[in-house]
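Got a structure for you, questions after.
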Amino acid sequence: MNLKINHIDLSQFGVLVEHYPTEVHAQRKIDTVSVPGRNGDLIFAQDAFDNVTESIDIAVKPCGGRTRDENIEMLCGILLSSKDFLRIECDGWAKCGGEDIFRVGYYSGTLEIQNLLAKYSRAVLKFNCKPQRFLKSGEIPIELASGAHYLKNPTAYKAYPIVKFYPSHTEVNYASGIFRLYADAVELSGAARPIKSFDLSNTVFENTDCVTADFENLMVTAADGSDYRDKIVSADKFWQPHFEPSVGHCIYANPFYEKIEIIPRWYTI
């Protein structure tokens, strides 16, 4: 079995996964209240889950013209050098509906990992991971022209996408950038549920050719990374467009966009 960190296949450094890792599922966050005179507790389930710890048994051997110790040093550099979350893939993890998954986390194991590997050639890698088991298909950008489109969330969990907006070069004046999701509604004109829109200022494309909205944390950035959150002009600036679980959605993109790209970030737990 192979292990990949940030798309780097560690087998090229002589790293082998020795045993199928135990599949850990995240626990929902639950608040409990004990009521005097009543049996049991009341529970209030949150729409959130705890992190999980994933443990992976590995061995390291000489490979690629490098000694075992040189490969160990390469592995430790990959694990410890990153300042951000790691993208982690392991062949031994269960699939979701036949699809490959990956996790996002950081190395949380012993900092003596290099000494352990040098002594025994084996160790347990521990990662503190976000609760989501992300589907690889949710990483693939879906390119849509302006207008109405239909897209279904294949999972049982709410997904917050990344959406990239590109202006139409045939238009001189841009209207507010509107992006709408209509859950459970095939026809835009007959939406049965209250509709909210994500609106951007009509000056949003003055200094950039692409605006990226990350709806998980409601970050809006220009192509150069500049913070564009002040360009949000929706009535509810804190509304986060999302795909409801296991239902279809109509997507409406302002005709003043040349196209939009949606990275849906489907996941399961």
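With every protein chain present, what is the per residue accessible area of the chain (1.4 Å probe, Å²)?
With all protein chains present, the chain gives 53 Å² per residue.
Below 8 Å, C-alpha to C-alpha, sequence gap of six or more: please give me the relative contact order for the stretch 27-81 in percent.
Relative CO of the stretch 27-81 lands at 24 percent.
Using the alpha-carbon centroid of each, what span in Å lies between the stretch 218-252 and the stretch 68-96?
32
Right, another one. Using only DSSP helix segments of four residues or longer, with each worth -39500 (n - 2.57), what per-residue ellipticity at 222 nm results for the chain after dividing by its residue count and rounding to 500?
Helix contribution divided over all residues of the chain: -2500 deg cm²/dmol.
Would you mind telling me the share, in percent, of accessible area of the chain contributed by carbon and sulfur at probe 1.4 angstrom?
After summing per-atom areas, the C and S share lands at 49 percent.
Compute the long axis of helix 68-80 from its Cα atoms, compare it with the longest principal axis of the Cα atoms of the chain, and write down the angle in degrees, 0 to 90, nearest 10.
So the helix axis and the longest Cα principal axis differ by about 30 degrees.
Still on this model: For the cross-link pairs LYS4/LYS29; LYS83/LYS152; LYS29/LYS158; LYS95/LYS130; LYS158/LYS237, which exceed 26 Å when the distance is taken from alpha carbon to alpha carbon?
Result: LYS4/LYS29; LYS83/LYS152 exceed 26 Å.
The values are calculated or read from the model by the stated rules, or taken from the named source; none is laboratory data. Keep in mind the model is a prediction, meaning the values are calculated, not measured. Just the protein is used for accessible areas: all its heavy atoms, side chains included, with ligands, DNA and RNA removed. Shrake-Rupley method; radii C 1.70, N 1.55, O 1.52, S 1.80 Å.
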